[in-house]
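Just so you know, all these numbers are worked out from the coordinates, no wet-lab data involved. Quantities reported herein were computed from a predicted structural model and do not represent experimental measurements. Here Cβ is always computed from backbone atoms with ideal geometry, including for glycine, and neighbour counts include all displayed protein chains.
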Amino acid sequence: MAHRVAFLDFVALALCSTLSLTTEPANLQDFCVADGNTNTRMNGFAYKDPAMVQASDFSFSGLHIPGSTANAVGFRVTPVFVTQIPGHNTLGISIVRIDYDPWGINSLHTHPHATEILTVMEGTLEVGFVTSNPENCHITKVLKKGDVFVFPVGLVHYQRNIGYGHVVDIVALSSQNPGVIIVANAVFANLSLLVSGYQGNNLSSQCAIKVDLMKCFDSVNWNYLFMMTGVTGFRMCYLN
């Protein structure tokens, strides 16, 4: 009986040890303020001597200032990452402010490292995300001032100002480096590779992508579509 108890204790200890190795460990000190003056590369940022840390390492000013939306898509992100607040290195969180002009859009994108929680501070905003295969369900909602919406980690999502006024939202992200992949850039920036692949198989390059937008939507704003394709670097010759 004693041998059985000892064996079960050993198994339990082994399982606990395995589980501890598969999760990210907590900080072993109060903070790890990022050191921007070193070329050391690691998962995160190298940190400075705690004796050299100052209050300015934990603060940022200017999130109340509107970002310039003078661009083709009518929105601007003001980030507060480790670059802006070195003190939140290794703490697993970041925040951004997003400003939208009327009808401005933060087009389809994903954050591979973070869940996103958005709070509308001003205006009316349409948001949505698409679930994974095979359902690919479109979850969407119109938000007003004070409303909060969550985008699960890694899912493709968007935000769009659907009014005639300015929109401001504050976004919290569950990573110090959430990352971003803009769908249009990821697809169209590599279109030449897709085309060359078809040509390598003795197929016409026109087979790469062909979409009849009039069959996809009830109405199409062609001027806007041409503008967006130009912004994303999509060659206009492919639209003929």
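Computed FRET efficiency, Cβ-Cβ of Ser132 and Ala72, R0 45 Å: what is it to the nearest 0.05?
So the FRET efficiency works out to roughly 0.90.
Go through 176-184, 136-144, 152-160 and give me the packing order, highest mean Cβ count within 10 Å leading.
152-160, 176-184, 136-144
Under a crude label model (7 Å from the Cα following the beta-carbon direction), how far is Thr115 from Lys141 in nanometres?
Once both label points are built, they end up 1.4 nm from each other.
For region 34-97, what is the Kirkwood estimate of the hydrodynamic radius, computed as the reciprocal of the mean inverse distance between distinct Cα atoms, to one decimal in Å?
For region 34-97, the Kirkwood estimate is 13.5 Å.
Could you give the length gained on full extension between His166 and Glu122, defined as 0.36 nm per residue of separation minus the Cα-Cα distance, in nm?
Here the segment from His166 to Glu122 would lengthen by 15.1 nm.
Taking 25 Å as R0, compute the FRET efficiency from the Cβ-Cβ separation of Asn27 and Val150 and round it to 0.05.
Computed FRET efficiency for Asn27 and Val150: 0.45.
I'd like the FRET efficiency for Ser174 and Asn39, computed as 1/(1 + (r/R0)^6) with the beta carbon distance as r and R0 of 22 Å, rounded to 0.05.
0.20
What does the extension gain come out to for Ala184 and Ala55, with contour length at 0.36 nm per residue minus their alpha carbon separation?
Contour length minus the Cα-Cα distance gives 42.4 nm.
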